[in-house]
Amino acid sequence: MVHTFCQDGRYLALDVDSGAVHMLDELGYEVVSRWEKSSKEEIVEALAGRFARAEIEEVAGEVEELIRNGTLFSHDESLYTPQTALKPGVIKAMCLHVAHDCNLRCKYCFASTGSFHGQRLLMPLEVGKKALDLLVARSGGRKFLEVDFFGGDPMLNFKVVKELVAYGRELEKKYDKKFRFTITTNAYALDEETIEYFNREMSNVVLSVDGRKEVHDAMRPTVKGTGSWDRAMKNAQKVAQARNQQNYYVRGTFTRDNLDFSNDVLALADAGFEQVSVEPVVLSPDSPYALLEEHLPGILEQYDILYKEYVKRRADGRWFSFFHFCVDLQGGPCIKKRLSGCGAGVEYIAVTPDGEIFPCHQFVGRPGYCMGSVITGEIDESIREKFAAAHVLNKEKCASCWARLYCTGGCAANAQAFHDDLTKPYEMECEMEKKRLECAIAVQAAELEG
Amino acid sequence: MKHIKTIANSCINKGAGTGCGECQASCQSACKTSCTVANQSCQNKGEKVYNPARKNA
């Protein structure tokens, strides 16, 4: 399968099974786009009114050479065997909900402004220790273990965060493991001391700031109802600078209230952030902030607008990185990862303040998805198997999709929320992901051309 | 080639030794809401999230 597309006047082709990418001229694009459905003679006839026959034949020769090289219209059946996909084995990553409480009251919060539809709770130290013990015990031969301190806002339980990091360092020595601790925070409660601590102990910091002040303040008020942008922005900028613009992300969310979200991405870049991620909100359609199908054309257009400005800025000295416009075309993850995805419910779990285990942070509080407890150490293996089986090969819609080895079949939490079926991807997510991937490939092409 | 220029060769890593699982869980990196692995690299190649070298530094 080959996906051809045009991004801002640049013609490109992605060979799905090999991952090879080709830049085409207009005639090349026309020929490659027709190749699978028409014979060479039919293609020549179809294009003869617009292009010289000799030129069309020349392109056909180039296509045939690339086919022989295995970089165009390649097909590798061995990629698509269930044995390649993830099986329930070790657990290597954990989202640790140290605080089901928050100092902000964000209107779009999937966690019900921090409580995750339950009580506002802080994780006791002993529960956190049991969570880390379980992670180590279930990690088998994996060396690197990931723990993200999450909330709510984890800064509301920062003392426990620090004690858990210290405990994790002890476990590292004892069991020959390496913890990669990360923290996701709204940046509102940070100070110099915590920023210095982050630099010592956190391999990544995710800072929630939505972009423009008016957009952020409308969605992310404090408990008292006042805006949080001034303080959060100032602190987030300090973190970015203190980390030398590396190993952090400033992460925004866009809703139907800021469908011109490219301006928020650029506002974050203007504020001096070099690592930027702005994500579509995921809410049920009855929410006043939810993104609906009718918004999709405008959203895709925003990615086009952002693409143009992104390429321009990176070339003229205003470099920044947008999470979804990055793609590794030289290496990237192995086929097992490409088929299995995020590993939610299999090798990645979330733990609540009272020690309950869920497949991921998005599933916390959803009925029927509690899969165990760190207190008892028991995990429902049938749920793990169910999530492991929800890989891209078992998703009917993905079989004909060119992006399947890049998006891994979409987010399980979205599939469950919108279709109550882990194997049915959320269509809005699919369309956005495909657009962002086209942009990411085109960015590399544009930068290679210089 | 005159009409087609290859800018990236085969990158789907399917050889022996793949699937070690030492790489970062994709949702832990920055998104927390989507499932892309396109911007991830193999742990054995040394990067967690692919990030091309900053230009014009």
Filter the range A:149-159 for residues that are over 24 Å from the mean Cα position of the chain (by Cα) and within 10 Å of A:Ala99 (Cα to Cα) and give the result.
A:Leu156, A:Asn157, A:Phe158
Hey, can you tell me all the residues within the range A:370-413 that are surrounded by fewer than 21 Cβ atoms within 10 Å (Cβ to Cβ) and among the aromatic types (Phe, Trp, Tyr)?
A:Trp402
Condition test on A:Val278, is it crowded, with 22+ Cβ neighbours inside 10 Å, touching a helix residue (DSSP H, G or I) at 6+ places or on another chain (Cβ under 7 Å) and within 21 Å of A:Asn263 (Cβ to Cβ)?
yes
If you take the residues of the range A:322-352 that are over 25 Å from A:Gly140 (Cα atoms) and in a loop (DSSP other than H, G, I, E, B), which of them is modelled with the lowest pLDDT?
A:Gly331
Checking the structure you have, find out if any residue of the range A:291-307 is among the β-branched types (Val, Ile, Thr), part of a helix (DSSP H, G or I) and under 22 Å from A:Arg251 (Cα atoms).
yes
Based on what the data block shows, is A:Val311 more than 10 Å from chain B (Cβ to nearest Cβ), crowded, with 20+ Cβ neighbours inside 10 Å and closer than 22 Å to B:Ala8 by Cβ?
yes
Suppose we filter A:Asp354, A:Asp304 for residues that are in contact (Cβ under 8 Å) with a residue 40 or more places away in the chain and more than 29 Å from A:Gln246 (Cα to Cα); which single one remains?
A:Asp354
From the options A:Gly128, A:Gly70, A:Gly89, A:Gly118, residue that is within 30 Å of B:Ser26 (Cβ to Cβ) and under 25 Å from the mean Cα position of the chain (by Cα):
A:Gly89
With respect to A:Phe149, is the statement that it is within 14 Å of chain B (Cβ to nearest Cβ), touching a helix residue (DSSP H, G or I) at 6+ places or on another chain (Cβ under 7 Å) and either surrounded by fewer than 17 Cβ atoms within 10 Å (Cβ to Cβ) or closer than 30 Å to A:Gly225 by Cβ (or both) true?
yes
Need a quick list: helices (runs of 4 or more DSSP H) entirely within the range A:366-420 having at least 2 residues that are under 18 Å from A:Gly341 (Cα atoms) and free of Cβ contacts under 8 Å to residues at least 40 places away in the same chain.
A:381-389
Count of the range A:168-177 residues which are touching a helix residue (DSSP H, G or I) at 6+ places or on another chain (Cβ under 7 Å) and surrounded by fewer than 17 Cβ atoms within 10 Å (Cβ to Cβ)
1
Scan of the range A:420-431 for residues that are touching a helix residue (DSSP H, G or I) at 6+ places or on another chain (Cβ under 9 Å), farther than 12 Å from A:Lys397 by Cα and surrounded by fewer than 18 Cβ atoms within 10 Å (Cβ to Cβ), ordered by number
A:Asp421, A:Glu431
Of the residues that make up the range A:23-30, is at least one in contact with a His (Cβ under 7 Å, 6 or more places away or on another chain), surrounded by fewer than 20 Cβ atoms within 10 Å (Cβ to Cβ), facing chain B (nearest Cβ under 8 Å) and free of Cβ contacts under 8 Å to residues at least 40 places away in the same chain?
yes
Do the conditions hold for A:Val327, that is, is it within 14 Å of chain B (Cβ to nearest Cβ) and touching a Pro at 6+ places or on another chain (Cβ under 6 Å)?
no
For A:Val160, which of the numbered conditions (1) within 26 Å of A:Arg120 (Cβ to Cβ); (2) surrounded by fewer than 22 Cβ atoms within 10 Å (Cβ to Cβ); (3) touching a residue at least 40 places away in the same chain (Cβ under 8 Å) fails to hold?
(2)
Based on what the data block shows, is A:Cys401 modelled with pLDDT under 95 and hydrophobic (A, V, I, L, M, F, W, C)?
no
Among the candidates A:Lys173, A:Lys159, A:Lys224, A:Lys129, residue that is modelled with pLDDT of 95 or more, among the basic types (Lys, Arg) and not in a helix (DSSP H, G or I):
A:Lys224
Out of the residues in the range A:59-110 that are more than 8 Å from chain B (Cβ to nearest Cβ) and charged (D, E, K, R), state the one that is farthest from A:Gly341 (Cα to Cα).
A:Glu64
Can you tell me which residues in the range A:107-126 are under 20 Å from A:Arg366 (Cα atoms) and modelled with pLDDT of 95 or more?
A:Leu122, A:Met123
Could you check how many residues of the range A:136-146 are surrounded by 21 or more Cβ atoms within 10 Å (Cβ to Cβ) and facing chain B (nearest Cβ under 8 Å)?
2
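The values are calculated or read from the model by the stated rules, or taken from the named source; none is laboratory data. Predicted, not measured: the structure shown is a model, and the values here were computed from it. Using ideal geometry, Cβ is built from the backbone for each residue, glycine included, and neighbour counts are taken over all protein chains shown.
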